[in-house]
1. Just to be sure, is Gly155 buried (at least 19 other Cβ atoms within 10 Å of the Cβ) and within 29 Å of Thr10 (Cβ to Cβ)?
2. Evaluate the following for Leu43: is it more than 18 Å from Leu151 (Cα to Cα) and surrounded by 14 or more Cβ atoms within 10 Å (Cβ to Cβ)?
3. Sort through Ala31, Ala36 and tell me the only one that's farther than 14 Å from Val132 by Cα, without any contact (Cβ under 8 Å) to a residue 12 or more places away in the chain and not acidic (Asp, Glu).
4. Can you tell me which of Ile122, Ile149, Ile135 is touching a Lys or Arg at 6+ places or on another chain (Cβ under 9 Å) and not hydroxyl-bearing (Ser, Thr, Tyr)?
5. Return the residue satisfying two criteria in turn: it lies in region 1-53 and is among the β-branched types (Val, Ile, Thr) and part of a helix (DSSP H, G or I), and of such residues it is farthest from Pro152 (Cα to Cα).
6. Of the residues Ile89, Ile56, which is modelled with pLDDT of 95 or more, of a type outside the set (Gly, Ala, Ser) and more than 29 Å from Asp153 (Cβ to Cβ)?
7. Among the strands (runs of 3 or more DSSP E) confined wholly to region 55-174, which include 2 or more residues that are of a type in the set (Phe, Trp, Tyr) and within 15 Å of the chain's Cα centre (by Cα)?
Amino acid sequence: MIDLTAYIRTVADYPKAGIQFRDITTLLKDATAFNAAIDALALHYADVALDKVVAIEARGFIIGAALASKLSLGFVPVRKPGKLPAASISQTYMLEYGDDALQLHTDAITAGEQILLVDDLIATGGTALAAVALIRQLGGVVAHAGFVIDLPDLGGLQQLQASGVQPFVLCQFEGH
């Protein structure tokens, strides 16, 4: 496995002062690094019984769709409000720099389906926990979540674990 942190750009003071934004576009543009990340996630989940990959807008879509294809699973997007064209449910959550909401189509998940939640990064865990709540509201079983990046100082992994979800990350960045 290559050192993925070498392919991730840090942008200071984005989207607001004091935030160190971890930008995966530099990882995505490198075929070797991008494939290594998807392969590592796929290897970790290869023996887990799963029905679908659910990924969070927007960078999570890139990771989630590639991973779903690699694992031969269906892909479900969790979107920002107003982006889904059919009946949907909504969940509000807090970010480290504000609040937001996520939505999921009501027919995206069938009760009992085993779901892998995916996003590019976990920070405080608010976004991931909102997605977990949506999945569970539709009867999905979400016991696993995969991320490229963890910001351990913000405690998101512990929040997920406390909710019964086992997280897996490929790399970490101290500080935020």
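The values are calculated or read from the model by the stated rules, or taken from the named source; none is laboratory data. Predicted, not measured: the structure shown is a model, and the values here were computed from it. Backbone-built Cβ (ideal geometry, glycine too); neighbour counts: all protein chains shown.
1. So Gly155 fails the test.
2. So Leu43 fails the test.
3. Exactly one residue qualifies, and that residue is Ala31.
4. Result of the check over Ile122, Ile149, Ile135: Ile149.
5. If we take residues in region 1-53 being among the β-branched types (Val, Ile, Thr) and part of a helix (DSSP H, G or I), then Thr32 is farthest from Pro152 (Cα to Cα).
6. Criteria check complete, one pass: Ile89.
7. It comes to none.
A quick yes/no check of all residues on (1) more than 20 Å from Asp39 (Cα to Cα); (2) modelled with pLDDT of 95 or more:
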| site | (1), (2) |
| --- | --- |
| Ala108 | yes, yes |
| Gln114 | yes, yes |
| Phe147 | no, yes |
| His176 | yes, no |
